[in-house]
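The values are calculated or read from the model by the stated rules, or taken from the named source; none is laboratory data. Fair warning: this is a prediction, and the values are worked out from it, not measured in the lab. Cβ placement follows ideal geometry from the backbone for every residue including glycine, while neighbour counts extend to all protein chains displayed.
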Amino acid sequence: MKKILALTLALVMALALVACSGGNNTPAEDTTPADETSAATGSVYWLNFKPESDDALQQLAALYKDQTGVDVKVVTAASGTYSQTLTAEMDKSAPPTLFVIGNANSVKDWSDYALDLTGTPIAEQLNTDAYNLYDDSGKLVSIGYCFECYGIIVNPDLVEQAGHSMDELKNFAGLKAVAEDIHANAATLGFDAFTSNDMDSSSSWRYTGHMINLEYYYEEQDAGAKWTECPPSLTGAYMENYKNLYDLAVENSLVDRTSLATGGHDAEAEFKNGEAAFWVQGSWEWSAVADSVPNATMIPYYCGVSGEENAGLNCGTENCWAINAKASEADQQATMDFLVWLVTDPAASRIAVDSFGAMPYKNAQESTNGFLAAADAYAADGCYVMDWATNYQPGVDDYRAAAVSALNQYNASPSDANWENVKTAFIDGWAVQYKAQNG
């Protein structure tokens, strides 16, 4: 699979991989932490960005403690609260030694707290520079630890039970026809088209951070090049396409759109239990659903754009490790040693890869993630990869909060006037946040 993964990386980032893509699972010659004496006097505090990986990381922390005697504390921020949690934790007397700086906005906010990782042992384990983040001075602020994809997860069995086939899901017209037919016959079928689409903090990012990426990506294409920095404004040219897909999901769901603002539904359980055929989500959910829906796959954000039959999945990452430059040297060393162990030790990297999906390191284990395999298949067929332009959202917390408010108003009363408020939040709001950050 690594050969195909390399193709995906190249398409996403337009960079050549520096590692051989021949499926090398050989562990590093020495997987023992580089400096046990130094590490033994330090400890690791990882503020985790990925709630779905908490169990795996707690297991890794215990395994490392057993092998080395070094304490590793893993604290997981609740979904949608990482920025606030990081700010609060950094103000404490024992702040995180390992944290996430995952986008351009975070680089501006946290670069001073990040150790320059250039030439460090963990950076030398990478097989690509594609996911690394640098500040304006050229400092390597953070390095990618996994890459992911998102789109629409599908249960092919339910699609077929409804009298349709996966071959119909090649564009928005096909997706719309299938989804609306399933929804219209949900009572008879015993399942609906889409899972719940909650707008509380544990779920709203699927629409204000992920689905909206189709607007940003296609604007990039109109401009003829990927963004390399946050643009000061947007045209909003693809908001109707966003509306197409958003409305399809909330109008053909087992949950009424007027109940989405407060949340409380369990989309994962709905999908795993066979209550719905489609779920707006990402590759990080593979380990959660693989046992229940082993042939689950993922399709692109079909939204009515011309030529979207050649679309692939949204591929990228906002999962990038940073080591706290203000931590003690002993804790920095302990954290560095832990990371090298994590990506080189066969047992440790197996646990990590099974949770993260795939890791861009020379000696990490191969991915078994079926959703990433779907991304690879699209890329191998010549489909374009939608990069994560959403990572450039300015003032991300305030920006998304305004979008959530507008979408809640629209869901309560889906009028044209309320849709204009959604457009204002996403398009005018971008310019407002950009100006607030850049003057």
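Go through segment 266-292 and give me each residue that's more than 21 Å from the chain's Cα centre (by Cα) and part of a loop (DSSP other than H, G, I, E, B). Scanning segment 266-292 gives Asn273, Gly274, Glu275, Asp291, Ser292. Among the residues of segment 154-176, is any surrounded by 24 or more Cβ atoms within 10 Å (Cβ to Cβ) and over 19 Å from Glu285 (Cβ atoms)? The answer is yes, given that some residue of segment 154-176 is surrounded by 24 or more Cβ atoms within 10 Å (Cβ to Cβ) and over 19 Å from Glu285 (Cβ atoms). The residue list Ala104, Ala114 contains one member that is buried (at least 21 other Cβ atoms within 10 Å of the Cβ) and in contact (Cβ under 8 Å) with a residue 24 or more places away in the chain, which is Ala114.
For segment 221-245, a tally of residues being part of a helix (DSSP H, G or I) and surrounded by 17 or more Cβ atoms within 10 Å (Cβ to Cβ) returns 6. Filtering Glu270, Glu285, Glu309 for residues that are closer than 29 Å to Asp387 by Cβ and surrounded by fewer than 21 Cβ atoms within 10 Å (Cβ to Cβ) leaves a single hit, Glu309. Among residues that are touching a residue at least 60 places away in the same chain (Cβ under 8 Å) and in contact with a strand residue (DSSP E or B) (Cβ under 8 Å, 6 or more places away or on another chain), Ala261 is not included.
Which of the residues that make up segment 186-207 are out of contact with any Ser or Thr (no Cβ under 9 Å at 6 or more places or on another chain), of a type outside the set (D, E, K, R), part of a helix (DSSP H, G or I) and touching a residue at least 40 places away in the same chain (Cβ under 8 Å)?
Ala186, Tyr207
Just so you know, in segment 33-61 the residues that are among the aliphatic types (A, V, I, L, M) and over 26 Å from the mean Cα position of the chain (by Cα) include one that is modelled with the lowest pLDDT, and it is Ala34. Among the residues making up segment 100-114, a single one is part of a loop (DSSP other than H, G, I, E, B) and aliphatic (A, V, I, L, M): Ile101.
The set of residues in segment 346-385 that are within 18 Å of Leu57 (Cα to Cα) and assigned to a helix (DSSP H, G or I) comprises Pro346, Ala347, Ala348, Ser349, Arg350, Ile351, Ala352, Val353, Asp354, Ser355, Phe356. Residue selection: Asp381 fails the criterion of being within 28 Å of Arg206 (Cβ to Cβ), within 19 Å of the chain's Cα centre (by Cα) and surrounded by fewer than 18 Cβ atoms within 10 Å (Cβ to Cβ). The residues of segment 317-339 that are touching a helix residue (DSSP H, G or I) at 6+ places or on another chain (Cβ under 6 Å) and either within 24 Å of Gly151 (Cα to Cα) or modelled with pLDDT under 95 (or both) amount to a single one, Glu318. Going by the structure shown, is Lys170 modelled with pLDDT of 95 or more, in a helix (DSSP H, G or I) and charged (D, E, K, R)? Taking the combined requirement at face value, the residue does not satisfy it.
Would you mind finding the one in Gly282, Gly304, Gly316 that is out of contact with any strand residue (DSSP E or B) (no Cβ under 7 Å at 6 or more places or on another chain) and not acidic (Asp, Glu)?
Just a single option satisfies the conditions, and that option is Gly304.
Checking Ser367, Ser405, Ser355, Ser415 one by one, the residue that is among the polar types (S, T, N, Q) and more than 23 Å from Arg206 (Cα to Cα) is Ser367 and no other. Does segment 325-342 contain any residue that is in contact with a Lys or Arg (Cβ under 6 Å, 6 or more places away or on another chain) and either crowded, with 24+ Cβ neighbours inside 10 Å or among the small types (Gly, Ala, Ser) (or both)? Scanning segment 325-342 turns up no residue that is in contact with a Lys or Arg (Cβ under 6 Å, 6 or more places away or on another chain) and either crowded, with 24+ Cβ neighbours inside 10 Å or among the small types (Gly, Ala, Ser) (or both). Remark: Tyr410 falls outside the filter, which requires a residue to be outside the structural domain of Asp291 (by TED's automatic domain parsing) and surrounded by 20 or more Cβ atoms within 10 Å (Cβ to Cβ).
In the set Thr128, Thr87, Thr97, Thr68, only one residue is surrounded by fewer than 18 Cβ atoms within 10 Å (Cβ to Cβ), in the same structural domain as Asp345 (by TED's automatic domain parsing) and β-branched (Val, Ile, Thr); that residue is Thr87. From the list Pro294, Pro300, Pro346, pick out the single residue that is assigned by TED's automatic domain parsing to the domain that holds Ser93 and not aliphatic (A, V, I, L, M). Sole residue among the options that is assigned by TED's automatic domain parsing to the domain that holds Ser93 and not aliphatic (A, V, I, L, M): Pro346.
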